Amino acid sequence: MIDTLFYNARVLTMDSARPRVTGVLVRDGAIAAVGDGNLAAPPCARHIDCAGAVLAPAFIDAHCHLLATAARMCSVDCSPAAVRSIAGIQARLREAAARAKAGSWIRAAGYDESQLDERRHPTRRDLDAAVPHHPVRLLHRSGHAVVLNTVALHLAGIATDTAEPPGAVIDRFADDGEPSGLLFDMDDVVDRVVPPLPYDELAPAVEGAARTFLAAGVTAICDATHTNGAREWDLLVRLQADGHLPLDVTLMEGIEHAGEMPEAPFPRLRRGHVKVMLHELGGALSPDEDELARIVADVHARGRHVAVHAVEERAVAAAIDAIARAQRAMPRPHRHRIEHAALVPRGGAARMARARITVVTQPAFVFEHGDRYLREVPPEKHSRLYPIGDLLLADGRVAASSDAPVAAIGALEGLRAAIARRTRAGAVLGPAQAVDFEAALAMWTRAGAEACGLGATRGGIAPGMAADFVLLSEASERAEVVAVYVRGELVAPVPVERPHLRT
Ligand SMILES: [Zn+2]
């Protein structure tokens, strides 16, 4: 393969030894040299004039849900962008049922009760009124709640006397105490009865999702789904082998499935952290503090890395405690992760840095949910919501992520929110936590690569690293993605074959 010289660029290398250069030489998909001038490029090298644009390492999304994103693309869209009322949801479900085979599942997703005219979750009565005969599963935008109609509830075996599994909630009608169809964190139960999408339906959706990531400049992702195991590994191996998955993927392993995935990577697929869910429900944690500490110590002792899902203050505090205890009892160079850390307890930033914890957070939520936080969270806590500035100041590691499909695929919205702390309505949330462009970019590149175990080859521009780049219009919160390269080859905008011109 011929060499490629990217020149006339403002290269942000994310390498403190040599932060700024103007050129990068690529050979066989990897970076061969970094510097200024022509870098001893052979005369036959292909030259790409970057016209003064910013060349940065490609983005890494350190926490998203690829298969869920693809599944959502195969579902009836009930997101706020598509529908704003329960009547609207009913109309869409009715339409889908009219086209579906008798008795087949109707999958719908993306509703957000706070964005519906009725300001409430739909119930099974609402769904039954639209679709009485097919089982219906309507997923909440967050993925943590689901509404089933009556047929689906029966199939899932959820009845009046069904006990709630730990950490889950079965909502009930106020009038008769019967399950309302709304379930929180019961995907383990629901997934058992909803048949998986057939491969030939799923594969194009996965490929579509992967191409959306690529177009947004994201070339490596970590799938953080807590139910991942051998089944998901085998599926992704098949998708990559069939050419449907043109991304580097790190697959977390759910704690229930720890040890199922092979340690040896498949070419563009590797096993990641062990995922542990930690919920705060009615003032209690599930699992409780002691149980969590035991789980974390056990994963740590086995030499694996743990990633604890912890959103609220008490959960984040418990996750820090559990990891710090495990590290004290058996010091290891491991960097365990806390996912989300939306509300960090007082002093938490310094404690996380000391315990070598990497926080993998979603700065775009400042934009997406900031107005709700400003209304609902007491003002004295505002500066501890997504406190990226404090975490970095404490010398902590922070990686950014989209959590797609919870939020849209792509890095720019999160990049802007980390810099400006602006909400959708234009308010500013916790301005003291704002960071500059390069710190925000580091969260989407170097820190993301390290969080995914890819730090040696991704997230920076230095000899030996993969030539995965984004070309940005400028180095500010107004940056737009101009072009995306994987292993030195243009992948977005999708290159068009130029017709041969006769002269
Ligand atoms: Zn997630």
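The values are calculated or read from the model by the stated rules, or taken from the named source; none is laboratory data. Just so we're clear, the structure is a prediction, and the values are computed from it rather than from any experiment. Every residue, glycine as well, gets a Cβ built from its backbone with ideal geometry; the counts of neighbours run over all protein chains shown.
Scanning segment 116-144 for residues that are within 16 Å of the ligand (Cβ to nearest atom) and touching a residue at least 40 places away in the same chain (Cβ under 8 Å) gives 139, 141, 142, 143, 144.
For every residue, the table says whether it meets (1) touching a helix residue (DSSP H, G or I) at 6+ places or on another chain (Cβ under 6 Å); (2) crowded, with 21+ Cβ neighbours inside 10 Å.
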position	(1), (2)
32	no, no
44	no, no
50	no, no
71	no, yes
78	yes, yes
87	no, no
95	no, no
101	no, no
107	no, no
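If you go through segment 133-190 and keep only what is within 25 Å of residue 256 (Cα to Cα), surrounded by fewer than 20 Cβ atoms within 10 Å (Cβ to Cβ) and among the acidic types (Asp, Glu), you end up with 164, 188.
Residues are listed down the side, and each one gets a yes or a no for (1) closer than 22 Å to residue 468 by Cα; (2) over 16 Å from the mean Cα position of the chain (by Cα):
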position: 345; (1), (2): no, yes
position: 364; (1), (2): no, no
position: 374; (1), (2): no, yes
position: 385; (1), (2): no, yes
position: 394; (1), (2): no, yes
position: 450; (1), (2): yes, no
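Does segment 30-41 include one or more residues that are among the polar types (S, T, N, Q) and touching a residue at least 60 places away in the same chain (Cβ under 8 Å)? No, because not a single residue in segment 30-41 is among the polar types (S, T, N, Q) and touching a residue at least 60 places away in the same chain (Cβ under 8 Å).
Exactly one residue out of 56, 91 is under 30 Å from residue 222 (Cβ atoms) and more than 16 Å from the ligand (Cβ to nearest atom): that is 56.
Taken together, 189, 194 contain a single residue that is in contact (Cβ under 8 Å) with a residue 40 or more places away in the chain, more than 30 Å from residue 481 (Cα to Cα) and more than 20 Å from the chain's Cα centre (by Cα), which is 194. I'd like to check something: does segment 451-470 contain any residue that is in a helix (DSSP H, G or I) and crowded, with 21+ Cβ neighbours inside 10 Å? Looking for residues that are in a helix (DSSP H, G or I) and crowded, with 21+ Cβ neighbours inside 10 Å, one finds at least one in segment 451-470, hence yes. In this structure, is residue 412 closer than 26 Å to residue 327 by Cβ and either touching a residue at least 60 places away in the same chain (Cβ under 8 Å) or in contact with a strand residue (DSSP E or B) (Cβ under 7 Å, 6 or more places away or on another chain) (or both)? Criteria not met by residue 412. Counting the residues of segment 314-339 that are without any contact (Cβ under 8 Å) to a residue 60 or more places away in the chain and either more than 16 Å from the ligand (Cβ to nearest atom) or not aliphatic (A, V, I, L, M) (or both) gives 18. Got at least one residue in segment 373-390 being surrounded by 24 or more Cβ atoms within 10 Å (Cβ to Cβ), of a type outside the set (Phe, Trp, Tyr) and within 16 Å of the ligand (Cβ to nearest atom)? No, segment 373-390 contains no residue that is surrounded by 24 or more Cβ atoms within 10 Å (Cβ to Cβ), of a type outside the set (Phe, Trp, Tyr) and within 16 Å of the ligand (Cβ to nearest atom).
So that you can scan it fast, the table gives a plain yes or no per residue for (1) more than 16 Å from the ligand (Cβ to nearest atom); (2) modelled with pLDDT of 95 or more; (3) of a type in the set (S, T, N, Q):
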| position | (1), (2), (3) |
| --- | --- |
| 232 | no, yes, no |
| 238 | yes, yes, no |
| 244 | yes, yes, no |
| 248 | yes, yes, no |
| 253 | no, yes, no |
| 266 | yes, no, no |
| 290 | yes, yes, no |
| 293 | yes, yes, no |
